[in-house]
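Before any comments, here is the structure.
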Amino acid sequence: MRKRVASCFVLTESDESRPIAFYTLAATALALADLPQALAKRLPRYPTVPAALMGRMAVDAAHRRRGLGQLMLLDAFSRTLRSEIATFAFVVDAKDDEAARFYAAHSFLPLTEDGRRMFVPMAEVARLFA
């Protein structure tokens, strides 16, 4: 954070200062050639498009299965939508198959053959808040 590479957002319980969940956000770019053809053909012919990267997201083991992952994801979506900087997509790197299933359940699409780098267009995210 001090080097301005990513911003960290932390959730704590109101009566404690101990974090129970967190995520990081950073700017990134996606190669136009890596996007599905149906999306890429509607975009300007720049080599890359701007995106937001959720670099890490975690929920304390004692607080899992309470919907906090979804809450943190929606918070990250909201912050990205409110930004005044153009962002075409929201990107994540799923650390394992369970994380990939979580993101797929939230409309993320695979960017890589292994399915671990995933994205959702910000137009889809905006519909969640409409």
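The numbers here are math on the coordinates, done by the rules we state, and not lab data. All of these numbers come straight from a predicted model, not from anything done at the bench. Don't worry about glycine lacking a Cβ; one is built from the backbone with ideal geometry, like all the others, and counts go over all protein chains shown.
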Review point. What number of residues in the range 29-38 are surrounded by fewer than 17 Cβ atoms within 10 Å (Cβ to Cβ) and either polar (S, T, N, Q) or closer than 17 Å to Gly55 by Cα (or both)?
Key: 2
Point to revise | Extreme residue, nearest to Ala123 (Cα to Cα), among residues of the range 1-17 that are in contact (Cβ under 8 Å) with a residue 24 or more places away in the chain and not in a loop (DSSP other than H, G, I, E, B) | key: Phe9
Exercise for review: For the range 16-32, name all the residues that are among the aliphatic types (A, V, I, L, M) and within 19 Å of Ala61 (Cβ to Cβ).
Suggested key: Ile20, Ala21
